[in-house]
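*Asks:* I have a structure I would like to understand better, so I am pasting it below and will then ask my questions one at a time.
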Amino acid sequence: MPSVYLSPSVQDFNETILGESEEYYMNLVVDAMVPYLRASGISFIRNNPYDSLSQVIAQSNAGDYDLHLALHSNASPENLSGMLMGPDVYYYAYSEAGEAAANIFADNLKTIYPNPNLVTVIPNTTLAELRRTRATAVLIELAYHDNYQDATWIADNIDTIARNLVLSLTEYFGIPFVNPQ
C-alpha cells in the first residue's frame, strides 16, 4: 500500500481575495481527498495546521512515505497582484521521481483547470518542502489566491481538485483509482 504525507499549507495568515486563508482552502481540499485515498488504498498522514513548516518537515521525515505532497495557493508579487493565474507544480530539481510525479499532477490538472496552457511544471532547489524532505516531494500551487477567478475556481471545485489529485497519485503509484462508495 503506497503512503503519502499530505501537507496542506500551514499559512493561516495568508489571506485569499475571498477572505479565508490559504490554509483554510488547502485543508478543505485535503479533507475532500480522504475518501478517494481510502477507496484507492493509499495510506496517508496529514500535517497538523498548528505546526510550523519545520515541524511538518520533521514529521514527514520521521515516517516512511512514498511521496510528500504539499498543497498551496499562490500569490503574485505586489506589482502583479491579481494578474497572474494558473497552477504551478514544483519538484526538487535533482529528483527524477519528483519530476515524474510533477508531470503527472500537471497533466491531470490541465484536464480540470479552465486554461490548461497556464499549468506549469517548475524544477526548484530552494523550497524547503522539496529540498528538506526525505520522501520524493511535489509542491503544488493550485492557483493564485490573489486573483479572483483563480481563487473562485479553487473554492468552487474543492471535490473536483481533490479527486484529480488522488487520480494523479494512483497514476504515479501505478494502482487503480477507485471512486468512494
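The values are calculated or read from the model by the stated rules, or taken from the named source; none is laboratory data. Everything quoted here is computed from the prediction, not taken from an experiment. Positions of Cβ are backbone-derived with ideal geometry, glycine not excepted, and every protein chain shown enters the neighbour counts. Heavy atoms of the whole protein, side chains included, go into the accessibility calculation; ligands, DNA and RNA do not. Shrake-Rupley method; radii C 1.70, N 1.55, O 1.52, S 1.80 Å.
*Asks:* If you go through region 1-55, how many residues are closer than 16 Å to ASP156 by Cα, hydroxyl-bearing (Ser, Thr, Tyr), assigned to a helix (DSSP H, G or I) and open to solvent by less than 50 Å² (accessible area, probe 1.4 Å)?
*Replies:* Residues in region 1-55 being closer than 16 Å to ASP156 by Cα, hydroxyl-bearing (Ser, Thr, Tyr), assigned to a helix (DSSP H, G or I) and open to solvent by less than 50 Å² (accessible area, probe 1.4 Å): 1 in total.
*Asks:* Can you tell me how many residues within region 34-76 are closer than 30 Å to GLN149 by Cβ and in contact with a helix residue (DSSP H, G or I) (Cβ under 7 Å, 6 or more places away or on another chain)?
*Replies:* 12
*Asks:* Same structure, new question: Taking only pairs six or more apart or across chains, which ones have beta-carbon atoms under 6 Å, a first residue in region 166-180 that is surrounded by fewer than 19 Cβ atoms within 10 Å (Cβ to Cβ), and a second residue that is among the aliphatic types (A, V, I, L, M)?
*Replies:* Listed by first residue and then by second, the contacts come to GLU171/ILE104; PHE177/LEU167; VAL178/ALA39; PRO180/ALA39.
*Asks:* Which numbered condition trips up PRO49, out of (1) in contact with a Ser or Thr (Cβ under 7 Å, 6 or more places away or on another chain); (2) on the phi < 0 side of the Ramachandran plot; (3) at pLDDT below 95?
*Replies:* (1)
*Asks:* Mind telling me which of the residues THR136, THR125 ends up being within 27 Å of GLN55 (Cα to Cα), at pLDDT 95 or above, among the hydroxyl-bearing types (Ser, Thr, Tyr) and touching a Lys or Arg at 6+ places or on another chain (Cβ under 9 Å)?
*Replies:* Just one listed residue meets the conditions, THR125.
*Asks:* Taking GLY63 and the conditions (1) touching a residue at least 40 places away in the same chain (Cβ under 8 Å); (2) closer than 17 Å to ASP159 by Cβ, which numbered condition does it fall short on, given that it satisfies the others?
*Replies:* With respect to (1) touching a residue at least 40 places away in the same chain (Cβ under 8 Å); (2) closer than 17 Å to ASP159 by Cβ, GLY63 is out only on (2).
*Asks:* Let me ask another. Taking the criterion of being under 30 Å from SER54 (Cα atoms), in a helix (DSSP H, G or I) and either modelled with pLDDT of 95 or more or touching a helix residue (DSSP H, G or I) at 6+ places or on another chain (Cβ under 9 Å) (or both), would at least one residue in region 110-118 satisfy it?
*Replies:* No: region 110-118 contains no residue that is under 30 Å from SER54 (Cα atoms), in a helix (DSSP H, G or I) and either modelled with pLDDT of 95 or more or touching a helix residue (DSSP H, G or I) at 6+ places or on another chain (Cβ under 9 Å) (or both).
*Asks:* Turning to a different aspect of this structure: With respect to THR133, is the statement that it is outside any helix (DSSP H, G or I) and surrounded by fewer than 17 Cβ atoms within 10 Å (Cβ to Cβ) true?
*Replies:* no
*Asks:* Taking the condition of being within 14 Å of TYR148 (Cβ to Cβ) and either modelled with pLDDT of 95 or more or basic (Lys, Arg) (or both), how many residues in region 4-15 meet it?
*Replies:* Qualifying residue count for the region: 0.
*Asks:* Take the residues in region 62-105 that are in a loop (DSSP other than H, G, I, E, B) and touching a Pro at 6+ places or on another chain (Cβ under 6 Å), then tell me which one is least open to solvent (accessible area, probe 1.4 Å).
*Replies:* Checked region 62-105; the qualifying residue least open to solvent (accessible area, probe 1.4 Å) is ALA93.
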